[in-house]
1. Can you tell me how many residues in the stretch 125-144 are of a type outside the set (Ser, Thr, Tyr), within 12 Å of Ile77 (Cα to Cα) and either surrounded by fewer than 15 Cβ atoms within 10 Å (Cβ to Cβ) or free of Cβ contacts under 8 Å to residues at least 40 places away in the same chain (or both)?
2. Tell me, yes or no, whether the stretch 128-139 has at least one residue that is modelled with pLDDT of 70 or more, assigned to a strand (DSSP E or B), farther than 28 Å from Arg13 by Cβ and not hydrophobic (A, V, I, L, M, F, W, C).
3. In the stretch 91-123, which residues are in a strand (DSSP E or B) and crowded, with 16+ Cβ neighbours inside 10 Å?
4. Output the residue which, of all residues in the stretch 145-155 that are hydrophobic (A, V, I, L, M, F, W, C) and surrounded by 13 or more Cβ atoms within 10 Å (Cβ to Cβ), is nearest to Glu109 (Cα to Cα).
5. Kindly list the number of the only condition in (1) buried (at least 20 other Cβ atoms within 10 Å of the Cβ); (2) out of contact with any Gly (no Cβ under 7 Å at 6 or more places or on another chain); (3) within 16 Å of Phe144 (Cβ to Cβ) that fails for Leu69.
6. So which of Ser88, Ser76 ends up being within 14 Å of the chain's Cα centre (by Cα), closer than 30 Å to Asp51 by Cα and either outside any strand (DSSP E or B) or modelled with pLDDT of 95 or more (or both)?
7. What number goes with the only condition from (1) outside any loop (DSSP other than H, G, I, E, B); (2) in contact (Cβ under 8 Å) with a residue 40 or more places away in the chain that Pro47 does not pass?
8. Which condition does Ala158 not pass, out of (1) modelled with pLDDT of 90 or more; (2) surrounded by 10 or more Cβ atoms within 10 Å (Cβ to Cβ); (3) more than 19 Å from Glu72 (Cβ to Cβ), if it passes all the others?
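The values are calculated or read from the model by the stated rules, or taken from the named source; none is laboratory data. Predicted model only: the values in this text are computed from it and were never measured. Here the Cβ positions follow ideal geometry from the backbone for every residue, glycine too, while neighbour counts run over all protein chains shown.
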Amino acid sequence: MGDQKISQNLDPRTFRQTVGLFPTGVSVVATESRGEIHAMTVSAFTPLSLDPLLVLVCLGKKTRMAELLDQEKNFSINFLREDQRALSTYFARSWKEAKPPPFRFVPWEGRPRLEGCLAALGCACAQKIEGGDHWIVIGEVTSFYVGIEPRQPLVFFASRYNRLSKVDAGLAPDLGWVETPVQVYYDPWREE
């Protein structure tokens, strides 16, 4: 049919290309240790629970941030704006310039917050779970911050930075599939 590649070797590169087709926001995780702020770019973030308020973020096992969160339990997750692409590159350690892009962290409820970010969550490290070559860090949310308008997030899709479009692209093409009844379950908190 219309599918280009149904299956192929299950290698890490193909896996990365495939999951890269799921667009994500870009965030910077930050903590303070011994008077120094440490930060790194992360795209593997998701809300986890409403009661209690929990989020999860995935950190490579070999990263300094994963090590620091064993010592420093407070951290922030700072969602980047579309005009903060340079900060994403810088905190991912891919910056090629001699001078870093301009940025500033401000003290915020026991943790650093990236000034000018789209939004931020203050978290306390509740648990670290082994997940292959990463740690799944569960953070208990202790504070929220929402930045000023316009609220345009930095988006990462297919190994490139993108932006959200306000143009309605229309419906997906009809592939001629036969409808199959599906039972849909809704979350109890969702208002219908």
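1. Going through the stretch 125-144 one residue at a time, the tally reaches 1.
2. Yes, the stretch 128-139 has at least one match.
3. Phe105, Trp108, Arg111, Pro112, Arg113, Leu114, Ala119, Ala120, Leu121, Gly122, Cys123
4. Per the stated criteria, the residue is Leu154.
5. Only one criterion is unmet by Leu69, namely (3).
6. Result: Ser76 is the single residue among Ser88, Ser76 that is within 14 Å of the chain's Cα centre (by Cα), closer than 30 Å to Asp51 by Cα and either outside any strand (DSSP E or B) or modelled with pLDDT of 95 or more (or both).
7. Condition not satisfied by Pro47: (2).
8. Unmet condition: (1).
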